[in-house]
Amino acid sequence: MAVFPPSMAQPSRRTEPLRRAATVALVATVAGPTLWLGGAPPGAAVLAAVLSATALALLVASDSGRLVVPPLALLPLSVAGLCALQLVPLPPALLALLSPPLGELRAFALVPLGLDGWRPLSHDPPATAAALAGSLSAAAALVAAAGLCRSRTRRRQLAAGIGLTGLAVALIGFGHALADASTLFGVYRFQNGLLPFLTPFGNPNHLAAFATLASALLLGLAADSHPQRPRQALRLAAAVAVGAAAFLSLSRGGIAFWCAGQLALLLLLLRRRDARGTAGRAIPVALAVGAVALVAGYLALDRIGAELATVDTVEKLRSSKIDLWPMFSRPALAAWLTGLGRGTFAVAFPRWQTPHSTLTFTFEYPENLPLQLATELGIPAAVGLVAVAAWATLRTARAGNGPLVLAAWAGVGALVLHDLFDFALELPACATAAAVALGIASGPWVEQHERPLRRTPALAGLAVLALLAVLGLVRGTDSAARAEARLAAHATGDAASVRDEARALVDRHPADAVLYRIAGWTEATRPGGQPRVALAWLNRALFLQPLDPDTHRVVARALFQLGAATQALVEERLALESGAETATVLAESLPRARDVDALWNLVGETPSHVDLIVPELWRRGRIDDARGLLDRALLAFEGRPESAALTVTAARIRLQTGDPAGALVLLDTAEQAGQDVALPRAEALARLGRRRDAIRTLESAIARKPGDAEIAFALAGYLVAEGRPALARAALERIQPFLGAGGPRTRLVLTQAETYRVEGRYGRALDLVQTAMRLAPGEPGLHRQAAELYEALKRPREALHEVEVAVSLSGQDADTGTRAWMDRLRTAVDTETFRALDPARGLDGLEPPDAGTAGAGPQRVQGR
């Protein structure tokens, strides 16, 4: 076995401070991005790059310029090399040969704009430059950690740094849960306002992934320490807390792969053969894993069970994310040789998005690591990276198998498996932690191999890589999001002034459809704009993002300006089909669609659009158009399964026109076609005065569909109207397990309150309304309901306060009725105050409950 030079094997007192500082920098590299909103902000990647480079520089300085590169470091270095190749400008002919999708984009969108020069292979060069810097950052963290982990002390310190960061995240989550907080530290609110466990991670899957790695390392530290030391108990307790956070994230994949990672660690410990008692080290780990399950089950067993039940069959699992993999593979096959460019998926993918997918989402990642690499780097490169990873893993794993090293392997392995269904490794929090963990796993290999690079080539190579990282960070700041914001800021002015700016930004971000859309919108709406030029920009936007509803709406506006109303209405229909907001599209299109023939352009081959358009026409008073469109749709789609839904719509129209008997006839026809008509049938029966038949209809329907909240609420309403509030509450209690947080839960509580109000139990009704006020704070209507109940309870002072709060929350002055109500309550308050101050009224309390009849004078109370 080779032996290290003295400067590398046993650091001197002179180099020890440098190594200590390098260790602190690496721990900060993990903790900083993690606590900075889970590494999601762009600045977190810059912070990780600076700190990892600092750690590597301190390590190199402590080793007098020597550097050992472990095999696993070849993985991020290879990715960085591929990113650099994707940034090299190529001539047009070679570019089209290597990347046909980019050649098509260049010919269709760029050449007509005069942008016909040499271009790199990346569809978004700044994003690839940022990915280059990120790969070099991960490589620096891995190499620095591996060099430090020649020392077992440093190995433990780095593992403890990741573990304690995970513990800090978990404690933040527990603190927010105890405070019932909805904003992080009372300052930051995530877009996902319904996070089950509020931590710096805005994505529950990433929280679970980080907790998987952190808890594995904490368990490895516990197994690596002496069983009798109190430190082992603290590490096990920390591992339990971090593991409970993984469960409380309610991430299905996170929970599954947390269990897989800890089970793998147990198996690795049991397989390990040494003289120090393997079983004795594995038992505390097994107990800690069991404790995590107990703690998580105690804290949130019902929520965890409900979340896991959403994938209780193979079909449900397939339809969750796996069903999207064929769509995500389309760009990988289209650019199979060189890929779209590392980091460009969010910008370039919409060109291949298919209509059957969930269009309300913007896919920034395929949530599958092999598909991500194949799409962005090309299939040959992805296969090569898998081969490099396998070779490096086999070569490194032979060097040592201590408990902490085994924990690092198990944690990173679980994290990689998790990324088969997620994208945690695409953000610096989990990526940097995984790189440091791989450095811990590489420590024994570095300890056994004296193969440092020569000092001069090593320093020269580090200087080149540092220069590339700096250039990547600088170039990466010019992101597509910033370009969009910049062009949108200029789009408020004259259209002519925006054209040059748009052309320059498109040159830097050729695949960003939003830039083309903003330019087209400016031409279509601003002074000096040209509708035909707008259509040219918008056609390019639709080439890059065919299913963008906003672009279709802007195209429709330009076509309306050109007098092509028929084509414009077709574009409005495409906007609807692409997921545009229905109210907005109908508000723009219905005034221009003045007859049934024009309205039919909004329907096309989509019968469901009739259900959207007909009620809106009816609301606007266009009765004849609504009936004509519905009749035409019934004829056009006769025989298709969707026609049954149109029959239900026709029945609802009959109900609105006061013909419940005719509605029942249509509902019978729809029911024979397999349509669920319980709700409209109950409404028709109730309007015919057959409320008990309506109740029986809904009771039969709720027996078939016990989780249907609308049927349960309708049934409760009819039972209350029938004077049976207790049965209404029973119906509401049956659907309680099926309701989520937010609006449905608030509606349930208010409906229950109404049942008590009907019974005259105003106090119980008031308690429920106050519960609804806690579920939906700031809702003026709830305060008005509370005021009504306070008034019924003869408590005018509290009622007046609730009315004043309702008026304040509404942000408007009180109307005439509300002012009269407030005056009445003030009079009642004054009367109450006068009665309390009246001395004669004070003597009334001295009368015994069975004092004489009215008119009898006050009597003296005999007492002891």
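Can you report the number of residues in the range 516-553 which are assigned to a helix (DSSP H, G or I) and more than 28 Å from the chain's Cα centre (by Cα)?
Residues flagged as assigned to a helix (DSSP H, G or I) and more than 28 Å from the chain's Cα centre (by Cα) within the range 516-553 amount to 17.
How about the range 68-97: which of its residues are in contact with a helix residue (DSSP H, G or I) (Cβ under 8 Å, 6 or more places away or on another chain), part of a loop (DSSP other than H, G, I, E, B) and either polar (S, T, N, Q) or farther than 19 Å from PHE345 by Cβ (or both)?
Answer for the range 68-97, where residues must be in contact with a helix residue (DSSP H, G or I) (Cβ under 8 Å, 6 or more places away or on another chain), part of a loop (DSSP other than H, G, I, E, B) and either polar (S, T, N, Q) or farther than 19 Å from PHE345 by Cβ (or both): VAL68, VAL69, PRO70.
Provide a single number: the residues in the range 700-718 that are assigned to a helix (DSSP H, G or I) and either open to solvent by less than 50 Å² (accessible area, probe 1.4 Å) or under 20 Å from ARG747 (Cα atoms) (or both).
12
Could you tell me whether the range 828-851 includes any residue that is among the hydrophobic types (A, V, I, L, M, F, W, C), modelled with pLDDT under 85, over 26 Å from LEU768 (Cα atoms) and assigned to a loop (DSSP other than H, G, I, E, B)?
Yes, some residue in the range 828-851 is among the hydrophobic types (A, V, I, L, M, F, W, C), modelled with pLDDT under 85, over 26 Å from LEU768 (Cα atoms) and assigned to a loop (DSSP other than H, G, I, E, B).
Please pick out the residue among VAL498, VAL464, VAL474, VAL470 that is surrounded by 17 or more Cβ atoms within 10 Å (Cβ to Cβ) and of a type in the set (Val, Ile, Thr).
VAL498
Condition first: within 16 Å of PRO41 (Cβ to Cβ) and crowded, with 18+ Cβ neighbours inside 10 Å. Now tell me which residues in the range 185-196 satisfy that.
Passing the criteria: only PHE190.
I'd like the full set of residues that are in a helix (DSSP H, G or I) and crowded, with 18+ Cβ neighbours inside 10 Å, limited to the range 614-627.
If the condition is that a residue be in a helix (DSSP H, G or I) and crowded, with 18+ Cβ neighbours inside 10 Å, then VAL614, LEU617, TRP618, ASP625, ALA626 are the ones that fit.
Go through ARG475, ARG451 for me and flag whichever is outside any helix (DSSP H, G or I), touching a residue at least 40 places away in the same chain (Cβ under 8 Å) and out of contact with any strand residue (DSSP E or B) (no Cβ under 6 Å at 6 or more places or on another chain).
Result: ARG451 is the single residue among ARG475, ARG451 that is outside any helix (DSSP H, G or I), touching a residue at least 40 places away in the same chain (Cβ under 8 Å) and out of contact with any strand residue (DSSP E or B) (no Cβ under 6 Å at 6 or more places or on another chain).
Inspect all residues belonging to the range 531-547 and state whether any of them is open to solvent by 50 Å² or more (accessible area, probe 1.4 Å) and at pLDDT below 90.
yes
Conditions tested, residue by residue: (1) within 30 Å of LEU164 (Cα to Cα); (2) touching a Leu at 6+ places or on another chain (Cβ under 6 Å); (3) hydroxyl-bearing (Ser, Thr, Tyr).
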{"position": "GLU426", "(1), (2), (3)": "yes, no, no"}
{"position": "ALA431", "(1), (2), (3)": "yes, yes, no"}
{"position": "GLY439", "(1), (2), (3)": "yes, yes, no"}
{"position": "ARG454", "(1), (2), (3)": "no, no, no"}
{"position": "ALA460", "(1), (2), (3)": "no, no, no"}
{"position": "LEU467", "(1), (2), (3)": "no, no, no"}
{"position": "VAL474", "(1), (2), (3)": "no, no, no"}
{"position": "ALA481", "(1), (2), (3)": "no, no, no"}
{"position": "GLU484", "(1), (2), (3)": "no, no, no"}
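For the range 576-598, how many residues are of a type in the set (Gly, Ala, Ser), modelled with pLDDT under 90 and crowded, with 18+ Cβ neighbours inside 10 Å?
The qualifying residues number 2.
Checking ALA565 against (1) open to solvent by 30 Å² or more (accessible area, probe 1.4 Å); (2) in contact with a Leu (Cβ under 9 Å, 6 or more places away or on another chain); (3) under 25 Å from PRO331 (Cβ atoms), which single condition isn't satisfied?
Going through the list (1) open to solvent by 30 Å² or more (accessible area, probe 1.4 Å); (2) in contact with a Leu (Cβ under 9 Å, 6 or more places away or on another chain); (3) under 25 Å from PRO331 (Cβ atoms), ALA565 breaks only (3).
Those residues that are open to solvent by 10 Å² or more (accessible area, probe 1.4 Å) and of a type in the set (Val, Ile, Thr), I need them from the range 361-403; list them, please.
Hits for the range 361-403 are THR362, ILE379, VAL383, VAL386, VAL388, THR393.
Quick check on the range 799-817: of everything there that is assigned to a helix (DSSP H, G or I) and over 18 Å from PRO777 (Cβ atoms), which residue is least open to solvent (accessible area, probe 1.4 Å)?
ALA799
Do you know which residues across the range 161-178 are out of contact with any helix residue (DSSP H, G or I) (no Cβ under 8 Å at 6 or more places or on another chain) and open to solvent by 70 Å² or more (accessible area, probe 1.4 Å)?
Within the range 161-178, LEU178 is the sole residue that qualifies.
Say we look at the range 85-107 and pick out the residues that are touching a residue at least 60 places away in the same chain (Cβ under 8 Å) and crowded, with 17+ Cβ neighbours inside 10 Å; which of these is nearest to ARG154 (Cα to Cα)?
Ranking the qualifying residues of the range 85-107, first place goes to GLN86.
So ALA556 fits all but one of (1) open to solvent by less than 40 Å² (accessible area, probe 1.4 Å); (2) within 30 Å of the chain's Cα centre (by Cα); what number is the exception?
(2)
Being over 35 Å from the mean Cα position of the chain (by Cα) and either crowded, with 16+ Cβ neighbours inside 10 Å or in contact (Cβ under 8 Å) with a residue 40 or more places away in the chain (or both) is the filter here; which residues of the range 679-689 pass it? Working first, answer last.
Just the residues of the range 679-689 that are over 35 Å from the mean Cα position of the chain (by Cα), to begin with: 680-689.
Listed by number, the residues that qualify are PRO680, ARG681, ALA682, GLU683, ALA684, LEU685, ALA686, ARG687.
Which pairs do you get when a residue that is touching a residue at least 12 places away in the same chain (Cβ under 8 Å), found in the range 518-535, comes within reach of a residue that is open to solvent by 40 Å² or more (accessible area, probe 1.4 Å) and in a loop (DSSP other than H, G, I, E, B), reach meaning Cβ atoms under 6 angstrom, with the pair 6+ apart or on two chains?
Going by the 6 Å Cβ cut-off, the qualifying pairs are GLU523/GLN530; PRO527/ASP494; GLY528/ASP494; PRO531/LEU562.
Residue check: is ARG696 of a type in the set (D, E, K, R), in contact with a Phe, Trp or Tyr (Cβ under 7 Å, 6 or more places away or on another chain), open to solvent by 70 Å² or more (accessible area, probe 1.4 Å) and over 26 Å from GLU616 (Cα atoms)? Working first, answer last.
Working: of a type in the set (D, E, K, R): yes; in contact with a Phe, Trp or Tyr (Cβ under 7 Å, 6 or more places away or on another chain): no; open to solvent by 70 Å² or more (accessible area, probe 1.4 Å): yes; over 26 Å from GLU616 (Cα atoms): yes.
Taking the combined requirement at face value, the residue does not satisfy it.
Suppose we filter the range 585-596 for residues that are assigned to a helix (DSSP H, G or I) and touching a residue at least 12 places away in the same chain (Cβ under 8 Å); how many remain?
7
Taking the range 730-750 as the region of interest, how many residues are part of a helix (DSSP H, G or I) and open to solvent by less than 30 Å² (accessible area, probe 1.4 Å)? Before you say what the answer is, go through the steps one by one.
Going residue by residue through the range 730-750, those that are part of a helix (DSSP H, G or I) are 730-738, 743-750.
Within this subset, residues satisfying the condition of being open to solvent by less than 30 Å² (accessible area, probe 1.4 Å) are 731-732, 735, 746, 748-749.
Residues that pass the stated criteria total 6.
Do we have VAL46 as outside any helix (DSSP H, G or I), open to solvent by 50 Å² or more (accessible area, probe 1.4 Å) and either at pLDDT 95 or above or in contact with a helix residue (DSSP H, G or I) (Cβ under 7 Å, 6 or more places away or on another chain) (or both) here? Before the answer, list the steps.
Details: outside any helix (DSSP H, G or I): no; open to solvent by 50 Å² or more (accessible area, probe 1.4 Å): yes; either at pLDDT 95 or above or in contact with a helix residue (DSSP H, G or I) (Cβ under 7 Å, 6 or more places away or on another chain) (or both): yes.
No: the conditions fail for VAL46.
Residue under question is LEU462, and the condition is that it be among the hydrophobic types (A, V, I, L, M, F, W, C) and modelled with pLDDT under 95; does it hold?
Answer is yes for this residue.
Looking at (1) part of a helix (DSSP H, G or I); (2) open to solvent by less than 40 Å² (accessible area, probe 1.4 Å), can you tell me which one GLY65 breaks?
So the condition that GLY65 fails would be (1).
Scan the range 751-791 for residues that are open to solvent by 50 Å² or more (accessible area, probe 1.4 Å), part of a helix (DSSP H, G or I) and modelled with pLDDT of 85 or more and jot them down. Give the derivation first.
Here is the first cut: in the range 751-791, the ones open to solvent by 50 Å² or more (accessible area, probe 1.4 Å) are 754, 757-759, 761-762, 764, 767, 770, 774-775, 777, 779, 784-785, 788, 791.
From the residues that got through so far, the ones that are part of a helix (DSSP H, G or I) too are 754, 757-758, 762, 764, 767, 770, 774-775, 784-785, 788, 791.
Answer for the range 751-791, where residues must be open to solvent by 50 Å² or more (accessible area, probe 1.4 Å), part of a helix (DSSP H, G or I) and modelled with pLDDT of 85 or more: GLU754, ARG757, VAL758, TYR762, ARG764, ASP767, GLN770, ARG784, GLN785, GLU788, GLU791.
Which residue, of THR456, THR358, is more than 22 Å from GLY339 (Cβ to Cβ), over 28 Å from the mean Cα position of the chain (by Cα) and either surrounded by fewer than 24 Cβ atoms within 10 Å (Cβ to Cβ) or modelled with pLDDT of 90 or more (or both)?
On inspection, the qualifying residue turns out to be THR456.
The values are calculated or read from the model by the stated rules, or taken from the named source; none is laboratory data. Since we're looking at a predicted model, the values are computed, not measured. Positions of Cβ are generated from backbone atoms using ideal geometry, with glycine treated the same way; all protein chains shown enter the neighbour counts. Note: areas computed on protein heavy atoms with side chains; ligands, DNA, RNA excluded. Shrake-Rupley method; radii C 1.70, N 1.55, O 1.52, S 1.80 Å.
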